[in-house]
1. When the Cα centres of the stretch 37-111 and the stretch 141-207 are compared, how far apart do they sit, in Å?
2. Measure nothing fancy, just the Cα-based angle from helix 163-179's long axis to the longest principal axis of the chain, in degrees from 0 to 90, nearest 10.
3. Angle between the Cα long axis of helix 15-27 and the longest principal axis of the chain, 0 to 90 degrees, nearest 10?
4. Among [x] 14.7; [y] 17.0; [z] 18.2, which is the computed mean projected area of the Cα convex hull in nm²?
5. Give the calculated FRET efficiency between residue 239 and residue 98 to the nearest 0.05, with a Förster radius of 25 Å applied to their Cβ-Cβ distance.
6. Neighbouring Cβ atoms within 10 Å as the yardstick, rank 131, 20 fewest first.
7. Taking 0.36 nm per intervening residue step and subtracting the Cα-Cα distance, what contour gain separates residue 151 from residue 54 on full extension?
8. Where does each of 172-181, 248-257, 102-111, 116-125 land if you order them by average Cβ count within 10 Å, highest first?
């Protein structure tokens, strides 16, 4: 008898993460379990109930409260799933905090960094050890996460480093934001850019440690760029959504990567967009808010 597959998605009460839960619930089997997680209990329960009631849902779906800024809570959930199910098969880290242009970047930095980066770091520390053979762990990032988006002075902080070193670089950047020295040091104006660079670097750091054991077991750890999506998080920053995807549309490529049967070694540890690896030093500028363009 085949063991039920276990999937977990963070930040899943809205946007892309919710669409990923919906897609997994539609494509996995009736014995499989998809955990929809978020830090607001009411929103988590409402989202899970809505997906359970959808006639297209095939698998089991459960809502679980998880605050990814609490690394201990993330570790406890990973240990719980390992004990109860013998590990997990699919993990997607996509929790994010709201960032708006009507407040200063430094004012919003702590919550944003704690969720987007601290949460991704916690997932990368706790879930690879409980990833079953054939499992996939994806961190949703962006093409903003390529090293070419950073000032050359800053690129060594995120190139070929360990996860601990990536965390130290993030804390150095956070400190510079609060002291008002970030731009003088070369940090981009929009805090989403260094955040994404750090996410991608963290994935590469963890993948470098695990590549020799993960590839023979058909495991995949990677970051993904889903493209521009029309969500509550992106609406405050952009005016032209003519080329944007709905969350459901953006979920398709991510789901395809999650559910592929065989790991492509070329994608392991890399940033993947629509099934293709983005170069580490990609410099082509993505769409950015005009007033926050990188110098």
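Laboratory data are not the source of any read-out in this text; all were calculated from the coordinates shown. If you're wondering where the values come from, they're calculated on a predicted model, not measured in any experiment. Please note: Cβ atoms are built from the backbone with ideal geometry, for glycine as well, and neighbour counts cover all protein chains shown.
1. Using only Cα atoms, the two centres lie 24 Å from each other.
2. 50
3. 20
4. Among [x] 14.7; [y] 17.0; [z] 18.2, the one derived from this structure is [x].
5. Efficiency at R0 = 25 Å is approximately 0.85.
6. Ranked by crowding around the Cβ, least crowded first: 131, 20.
7. Contour length minus the Cα-Cα distance gives 30.2 nm.
8. 116-125, 248-257, 172-181, 102-111
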